[in-house]
Amino acid sequence: QVQLVESGGGSVQAGGSLRISCRVSGRTLDGFAMAWFRQAPGKEREFVVGVNWSGNKIDYADSVKGRFTFSKDSTKNTGYLQMSKLKPEDTAAYYCAANLLALRDGSRSSDWYDYWGQGIQVTVSS
């Protein structure tokens, strides 16, 4: 069974940086896609970034473009999200998600993803 394990959450001051990670265990297939979503209290789950694991195309939400950077270490089956210039509005629980058999590059809809990490809290104080 595919499992996603997240790590790296924490609390920082506005303007600071954090890196969160998502390690994927289990069988993956060509077309595997990964994404990060976040959800703040009282708000809908929001798309942050999505990638096709085997490709180079990365889809960033406008709210994080220029501040967040996705990278991966294929030998560790781990994706990373480097978050810099953090703002209080970035405060949320961050969830890693995956589509095991992606038939397109990706999606900004949470419904498209079959597997989810446990969620980690990122808190940015002013």
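The values are calculated or read from the model by the stated rules, or taken from the named source; none is laboratory data. Values in this document were obtained by computation on a predicted structure and should not be read as measured data. Glycine also receives a Cβ, built like all others from the backbone with ideal geometry; neighbour counts cover every protein chain displayed. Surface accessibility is based on the protein's heavy atoms, side chains included, excluding ligands, DNA and RNA. Shrake-Rupley method; radii C 1.70, N 1.55, O 1.52, S 1.80 Å.
Candidates are the residues of the range 4-37 that are under 12 Å from Y80 (Cα atoms) and among the β-branched types (V, I, T); the one that is most open to solvent (accessible area, probe 1.4 Å) is V5. Restricting attention to the range 73-112, the residues that are β-branched (V, I, T), open to solvent by 20 Å² or more (accessible area, probe 1.4 Å) and closer than 23 Å to F32 by Cα add up to 1.
At pLDDT 95 or above, buried (at least 16 other Cβ atoms within 10 Å of the Cβ) and in contact with a helix residue (DSSP H, G or I) (Cβ under 9 Å, 6 or more places away or on another chain): is that true of A40 in this structure? Against the criterion (at pLDDT 95 or above, buried (at least 16 other Cβ atoms within 10 Å of the Cβ) and in contact with a helix residue (DSSP H, G or I) (Cβ under 9 Å, 6 or more places away or on another chain)), A40 does not qualify.
Of all residues in the range 89-102, those satisfying the criterion of being in a loop (DSSP other than H, G, I, E, B) and touching a Gly at 6+ places or on another chain (Cβ under 6 Å) are L101, A102. Among the residues of the range 42-83, those identified as more than 18 Å from G31 (Cα to Cα) and β-branched (V, I, T) are V48, V64, T69.
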